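The values are calculated or read from the model by the stated rules, or taken from the named source; none is laboratory data. This one's a predicted model, so the numbers in the text were calculated from it and none came from an experiment. Neighbour counts run over all protein chains shown; Cβ positions are idealised from the backbone, glycine included.
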Amino acid sequence: MFSIEVKTAFFIKVANIVAIEGKANGDLKAKVLHDETDNSKSYNVKGVALVNGREYISPLESITLQLEPGDYNAEDLIGKRLVSYD
């Protein structure tokens, strides 16, 4: 299982991505994240942008992920916990 507590989120128009940053827990293996409180909301992962310059993720580090834009505002992700059960 993977989870990220979203601290910042914003849309990057020139790259057509949503960037989110937050504390991660677990290994990111899936391509889809879900809102922990509303499983009907899903977010497609385009890739990892930054992992504090290390090759692994520990619960104390932050990670920046790239998400595909969708029918949501990037700012609405702030404070949410996104999870993957894969």
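Below, the figures for the structure above:
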| quantity | calculated |
| --- | --- |
| Filtered residues of region 1-32 (kept if in contact with a Gly (Cβ under 6 Å, 6 or more places away or on another chain) and under 15 Å from Lys46 (Cβ atoms)) | Ile4 |
| In region 38-86, residue farthest from Lys13 (Cα to Cα) [restricted to those that are among the β-branched types (Val, Ile, Thr) and either at pLDDT 95 or above or in contact with a Leu (Cβ under 9 Å, 6 or more places away or on another chain) (or both)] | Ile57 |
| Region 1-24 - residue that is polar (S, T, N, Q) and surrounded by fewer than 17 Cβ atoms within 10 Å (Cβ to Cβ) and, of those, nearest to Leu77 (Cα to Cα) | Thr8 |
| Residue count for region 17-30, restricted to those that are of a type outside the set (A, V, I, L, M) and at pLDDT 95 or above | 0 |
| Per-region count, region 9-27, residues under 14 Å from the mean Cα position of the chain (by Cα), among the polar types (S, T, N, Q) and at positive phi | 0 |
